[in-house]
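Down below is the structure, laid out as structure tokens.
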Amino acid sequence: MTIKEIQEEIVDEFSMFDDWMQRYEYMIELGKSLPLIDEKYKVEENLIKGCQSKVWVHAVLEGDKLVFTADSDAIITKGIVAILVRAYSNQHPSDILDADTKFIDEIGLKEHLSPTRANGLVSMIKQLKMYAIAYQTQLD
């Protein structure tokens, strides 16, 4: 699936819920299905700066696709990073760099997060894109 197709799938899933309590519960469930980062990558350099909670993200290049793993010490934040990992993992770095993040606005995520969590979300996206830039240069 393309990033756009995955993002549309996520928007469709969130639209099934009537209120934000149900959406938060769904995000918590998504967090539980997150491909967990290996303990050896839970180090300072993989910690997302700008997040109130601790969020670790690690990426490896498998063939020409970037594969992300992540974890967080907070359940909502773990759900947020799970959405991002789902959208951008197993994709070519150039596709990650070209992808927009409108789907986050479409599910209403930013407006339902505290300012610190919204900043953390932006920091997570930046970090995924930084990994994409780093690995894209290796592929070029």
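The values are calculated or read from the model by the stated rules, or taken from the named source; none is laboratory data. Everything numeric in this text was worked out from a predicted model, so none of it was measured. In this analysis, Cβ positions are derived from the backbone assuming ideal geometry, glycine residues included, and neighbour counts consider all displayed protein chains. Quick note on the areas: whole protein, heavy atoms, side chains included, nothing else; ligands and nucleic acids left out. Shrake-Rupley method; radii C 1.70, N 1.55, O 1.52, S 1.80 Å.
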- Query: Does Asp71 meet the test of being part of a strand (DSSP E or B) and either among the small types (Gly, Ala, Ser) or at pLDDT 95 or above (or both)?
  - Reply: yes
- Candidate set from the range 102-120 (those that are more than 19 Å from Tyr26 (Cβ to Cβ) and polar (S, T, N, Q)); member that is farthest from the chain's Cα centre (by Cα): Thr116
- Item | Residue ranges of helices (runs of 4 or more DSSP H) in the range 82-140 with at least 2 members open to solvent by less than 40 Å² (accessible area, probe 1.4 Å) and touching a Cys at 6+ places or on another chain (Cβ under 9 Å) | 115-139
- Task: Answer yes if at least one residue in the range 45-68 is part of a helix (DSSP H, G or I), hydrophobic (A, V, I, L, M, F, W, C) and open to solvent by less than 70 Å² (accessible area, probe 1.4 Å), and no otherwise.
- Result: no
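Is it true that Gln91 is at pLDDT below 95 and in contact with a helix residue (DSSP H, G or I) (Cβ under 7 Å, 6 or more places away or on another chain)? Quick ask: steps written out before the conclusion?
On the way: at pLDDT below 95: no; in contact with a helix residue (DSSP H, G or I) (Cβ under 7 Å, 6 or more places away or on another chain): yes.
Spelling it out, it is not the case that Gln91 is at pLDDT below 95 and in contact with a helix residue (DSSP H, G or I) (Cβ under 7 Å, 6 or more places away or on another chain).
Answer yes or no: is there a residue in the range 76-99 that is on the phi > 0 side of the Ramachandran plot and under 14 Å from the mean Cα position of the chain (by Cα). Before you say what the answer is, go through the steps one by one.
So in the range 76-99, the residues on the phi > 0 side of the Ramachandran plot come out as 90.
Subset that is under 14 Å from the mean Cα position of the chain (by Cα): 90.
Within the range 76-99, one or more residues are on the phi > 0 side of the Ramachandran plot and under 14 Å from the mean Cα position of the chain (by Cα).
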